[in-house]
1. Could you check the stretch A:192-261 for helices (runs of 4 or more DSSP H) lying wholly inside it with 1 or more residues that are more than 14 Å from chain B (Cβ to nearest Cβ) and surrounded by 15 or more Cβ atoms within 10 Å (Cβ to Cβ)?
2. Out of everything in the stretch B:161-173 that is buried (at least 19 other Cβ atoms within 10 Å of the Cβ) and either among the small types (G, A, S) or in a strand (DSSP E or B) (or both), what residue ends up being farthest from the other protein chains (Cβ to nearest Cβ)?
3. Of the conditions (1) under 30 Å from B:D135 (Cα atoms); (2) modelled with pLDDT under 90, A:S178 clears all except one; give me its number.
4. Of all residues in the stretch B:94-138 being among the hydroxyl-bearing types (S, T, Y) and assigned to a helix (DSSP H, G or I), which is nearest to B:H14 (Cα to Cα)?
5. Which condition breaks for B:I138 when tested against (1) surrounded by fewer than 21 Cβ atoms within 10 Å (Cβ to Cβ); (2) touching a helix residue (DSSP H, G or I) at 6+ places or on another chain (Cβ under 8 Å)?
6. Considering the stretch A:168-191 alone, what residues qualify as being more than 30 Å from B:R267 (Cα to Cα), out of contact with any Lys or Arg (no Cβ under 7 Å at 6 or more places or on another chain) and within 14 Å of chain B (Cβ to nearest Cβ)?
Amino acid sequence: MKIVVCVKQVPDMESKFVVVDNKKIDEAQIAFKMNDFDEFAVEAALQIKEKMGGEVIIVSAGPERVVKDIRQAFAMGADWGIHIKDPEIDAGDSTVIASAIHKAIEKIGDADLVLTGVMSEDNQFTLTGVMLSHLMDIPHGTNIVKLEVADEKSITVNRELEGGLNEVIEMSLPAVLSIQSGLNQPRYPTLPGIMKAKKKRLDVMTAADLGLSEVGAAGSKTEFIKMFVPVSEHKAEIIEGDAKTAAAALVNKLKNEAKVI
Amino acid sequence: MSSDKMNIWILVNHRQGTVEKETYGLAAEAQRLLTMSKQNSEEYCSDGKITAVALGAGLDAELKQLGAYGINSVVYAEGQELARYNGELFAEVLLKLYEKYKPACILMDHNTETSDLAPRLASLMNTSIVTRVIDFTISINREIAATRPVSSGYLFEKFKLERTSCPVITLLPNVLNETEAAENRNIEIINEKIDPGTFNLKTKVTEIMEAAPEDLEIDEAEIVISGGRGVGKEESLDIITRLAKSLKGSVGGTRPIIDWQLLPFERQIGQTGKVISPRLLFACGISGANEYTTGMEKSRLVVAINTDPGARIFKFADLSVIGDVHEVLPRVIEKIEERGIWNL
């Protein structure tokens, strides 16, 4: 099986977010990491490869810094990758990113399965996977919480629905799946894995290399205006005393003052 | 633009034959958008209208009630195949309806299903989409701009949407305010017969699995007890469940708790989980990362218990106890049970 995993590098949410010129975050203060949801997707791909054989290919778009997390996926066990490196692609919206990934997957050729995280931790659009499947005109499932590849022709997945329901669906391959977190336990790279990762093949491609003409604003359907920090205010009452005193005072307040229990 | 009449579509969110309250919130938002556009440009939108679009079965009586929320008409695609959500099928049906009626924009509340449906539909329509919107505006030249939280809510981003097509927008449920019903007006219900057999679907649903019925959903519960990293792994979480039992509440967790597989996904509170607004929320051993607080800041009364006096969660709490969850909570439970609260 040829499995492509789309990986995005995102800011660590524990970083300090400082907005510059109402336009972007100050990257000097940000630690970058692999999007959590994508880590589950990489692990899912590696498990399928272990069962069925084949290769796992990473596709990631962004500036030079994303190489760190492509190599991270290599260290986990992915075989090779494509780094889409073009500021004009980065300047575009989800439509442009999905188109660029689509072109990269075409370059790879004959992908049996494409996995993405269900969303990125930073933007949380939940768009790329769906848009990609539309461009590729192949089946798609979002919010995947379980997957079983029976053979090289079809796949059975569980999707998360509203109301705590799970939907079991079957689809033929190739297909695109958007992976929900918690599907598996992503492995830590081993030391030999990290050593090998440095030598694995990583192709760098621009929009021109991919044959993508509509990039940046021209290929986008939305236009970014500004970024800003929201304000929030709240005051708290601290209940003093040791655990026993505080617990008694708390229950008393909830019962007699707030009347919520 | 096929017509200058501003026709805003809202997707009816319904479950088990009942229209969900988010639908009314969407109607209020659509009303706000119409009023705004009217103020900005008289001749354009003086006859703007709100259309609810419903896909389902057996909803006639419920849909008639929508007139009380300022909705002018309902486009109703009815069929047994549409009784339950199916992303691929719903997107195809909505595309057909869109092509027939050409609305100005389509609004949905953001949930597990629409996070699947909205991008499918926008792709089929080849139009712009912005998800998880908290505010949107329409300007004098009918440009729509949408604001949404990013980076776990630390930041907001504002976008302009392509004007030439019908944008698809999903709104976060916490900005959809509950609306009072006005006097019910007569509402036109247009029935659309669409044969699902005409679509060449790529996926096949084989089974629907129910969650355990005794577990009340956290976004419906009045009292929620939530635990985070500070509670600890494995059996440590039992204390949360015990408190939930004694207060007849529901159990939720932060993302680490869900990632440790101590609770299922649907119990995750936060930006990437459920947004809840219970009457009483206990935040136990939770530091208060933005990821979590975005999901709970609308809660009426928040009790925070944490050992770290500097924890961010205390900024969001009404009542705070600085202490170890495993020392405080057993005494809280003891006190509740001793008082025989349910018999008072």
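1. A:207-210, A:216-219
2. Looking at the filtered set, the residue picked out is B:L171.
3. (2)
4. Taking the stretch B:94-138 as the starting set, the residues that turn out to be among the hydroxyl-bearing types (S, T, Y) are B:98, B:101, B:112, B:114-115, B:123, B:127-128, B:131, B:137.
From the residues that got through so far, the ones that are assigned to a helix (DSSP H, G or I) too are B:98, B:101, B:114-115, B:123.
Values: B:Y98: 20, B:Y101: 22, B:T114: 12, B:S115: 16, B:S123: 24 Å.
Selected residue: B:T114.
5. The one condition B:I138 does not meet is (1).
6. If we filter the stretch A:168-191 for residues that are more than 30 Å from B:R267 (Cα to Cα), which is where we start, we get A:172-174, A:190-191.
Subset that is out of contact with any Lys or Arg (no Cβ under 7 Å at 6 or more places or on another chain): A:174, A:190-191.
Of everything in the stretch A:168-191, just one residue is more than 30 Å from B:R267 (Cα to Cα), out of contact with any Lys or Arg (no Cβ under 7 Å at 6 or more places or on another chain) and within 14 Å of chain B (Cβ to nearest Cβ), namely A:P174.
Matching residues to (1) within 14 Å of chain B (Cβ to nearest Cβ); (2) closer than 29 Å to B:T147 by Cβ; (3) surrounded by fewer than 18 Cβ atoms within 10 Å (Cβ to Cβ); (4) in contact (Cβ under 8 Å) with a residue 40 or more places away in the chain:
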{"site": "A:Q29", "(1), (2), (3), (4)": "yes, yes, yes, no"}
{"site": "A:S60", "(1), (2), (3), (4)": "no, yes, no, yes"}
{"site": "A:P63", "(1), (2), (3), (4)": "no, yes, yes, no"}
{"site": "A:M76", "(1), (2), (3), (4)": "no, no, no, yes"}
{"site": "A:H83", "(1), (2), (3), (4)": "no, no, no, yes"}
{"site": "A:I89", "(1), (2), (3), (4)": "no, yes, no, yes"}
{"site": "A:T95", "(1), (2), (3), (4)": "yes, yes, no, yes"}
{"site": "A:G117", "(1), (2), (3), (4)": "yes, yes, no, yes"}
{"site": "A:T126", "(1), (2), (3), (4)": "yes, yes, no, yes"}
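Here's the yes/no breakdown for (1) facing chain A (nearest Cβ under 10 Å); (2) under 30 Å from A:N123 (Cβ atoms); (3) at pLDDT below 95:
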site: B:A283; (1), (2), (3): no, yes, no
site: B:A289; (1), (2), (3): yes, yes, yes
site: B:T293; (1), (2), (3): yes, yes, yes
site: B:K298; (1), (2), (3): no, yes, yes
site: B:A311; (1), (2), (3): no, yes, yes
site: B:L319; (1), (2), (3): yes, no, yes
site: B:I336; (1), (2), (3): yes, no, yes
site: B:G340; (1), (2), (3): no, no, yes
site: B:N343; (1), (2), (3): no, no, yes
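The values are calculated or read from the model by the stated rules, or taken from the named source; none is laboratory data. Keep in mind that what you see is a predicted model, and the values were worked out from it rather than measured. All Cβ positions, glycine included, derive from the backbone under ideal geometry; neighbour counts span all protein chains shown.
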